[in-house]
Amino acid sequence: MSHPLRFLLLCSLIVPISLKISLDLVKLYYAKRVGWDLEMYCEASDTPALANSTALGEDLGVVEYVLTDKTGTLTKNVMAFSRCSIQGQIYIEDGDEQDPNLSQLTRRGDDAALGFLRALALCHTVTRKEDGTLQAASPDEEALVLAGRRYNVEFRNRVADRVTLSVNGEEEEYEVLHTLDFTSARKRMAVIVRNVASNRIS
């Protein structure tokens, strides 16, 4: 009698563990299938769907109603940089065409224009993937970083608390000392950085 009882006790431990591993493998395969689905492929950005969690299948299985607040959360959320104001002067982009006046200022090395564009290239949480594409938490951050690049102030890379920029072809490195995250009360994000070369904090 003792041997069958021991066998049942062993099975009570082994079966659930093996079952959990099997379920985890199925979830992983399902998450990979989401990325392989051509119907969810975005041709405009040349990116496939990305499942950040293997529990996606379980989450989708409990969805009964889909609601939207019309802010772009569940719709095509595309943002583009269209205009800015630097020292009271308004600069406007027409589609993908740059404002020639702002381009001229940045090429001349105007401090106010470059300071504004450096802020766009530094104040964000965007990272660069291995293939060179940008990964942003929100489309507005990506739009601002891309706007800086069009005016020769390009976000190059972020490693830990170091951010590298290219300003008119010259590389600049900054150390992020502190990040003030966006809140509903402040309605803005801010960063405190130190220029590694000049040791200037701004």
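The values are calculated or read from the model by the stated rules, or taken from the named source; none is laboratory data. Please read these numbers as outputs of a predicted model, since none were measured by experiment. Counting neighbours? That spans all protein chains shown, and the Cβs are built from the backbone with ideal geometry, glycine included. The protein model used for the area step is the full one, side chains on, heavy atoms only, and it has no ligands, DNA or RNA in it. Shrake-Rupley method; radii C 1.70, N 1.55, O 1.52, S 1.80 Å.
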I'd like to verify a number: residues in region 128-142 that are over 17 Å from A80 (Cα atoms) and surrounded by 14 or more Cβ atoms within 10 Å (Cβ to Cβ), how many? 1
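Any idea how many residues of region 164-179 are part of a strand (DSSP E or B) and open to solvent by 60 Å² or more (accessible area, probe 1.4 Å)? Working first, answer last.
Restricting attention to region 164-179, the residues satisfying the condition of being part of a strand (DSSP E or B) are 164-167, 170-179.
Retained after the next criterion (residues that are open to solvent by 60 Å² or more (accessible area, probe 1.4 Å)): 170-171, 173, 177-178.
Going through region 164-179 one residue at a time, the tally reaches 5.
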Quick count over region 118-163, residues being of a type in the set (G, A, S), part of a helix (DSSP H, G or I) and within 18 Å of I192 (Cβ to Cβ), is 2
Starting from region 151-174, keep only residues that are free of Cβ contacts under 8 Å to residues at least 24 places away in the same chain, then list their pairs with residues that are among the basic types (K, R) whose Cβ atoms are within a distance under 7 Å, requiring at least 6 positions of separation or different chains. T164/R156; S166/R156
Lone qualifier among L146, L117, L134 - being farther than 30 Å from L50 by Cα and either modelled with pLDDT of 90 or more or aliphatic (A, V, I, L, M) (or both): L117
Please indicate, with yes or no, whether at least one residue in region 113-122 is open to solvent by less than 60 Å² (accessible area, probe 1.4 Å) and under 24 Å from A44 (Cα atoms). yes
Exactly one condition in (1) open to solvent by less than 70 Å² (accessible area, probe 1.4 Å); (2) under 21 Å from the mean Cα position of the chain (by Cα) is false for F182; which is it? (1)
Counting only residues in region 21-79 that are closer than 27 Å to E142 by Cα, open to solvent by less than 90 Å² (accessible area, probe 1.4 Å) and among the polar types (S, T, N, Q), the one modelled with the highest pLDDT is identified as T47
Is it the case that some residue within region 143-159 is in contact with a helix residue (DSSP H, G or I) (Cβ under 8 Å, 6 or more places away or on another chain), charged (D, E, K, R), closer than 28 Å to Q89 by Cα and open to solvent by less than 50 Å² (accessible area, probe 1.4 Å)? yes
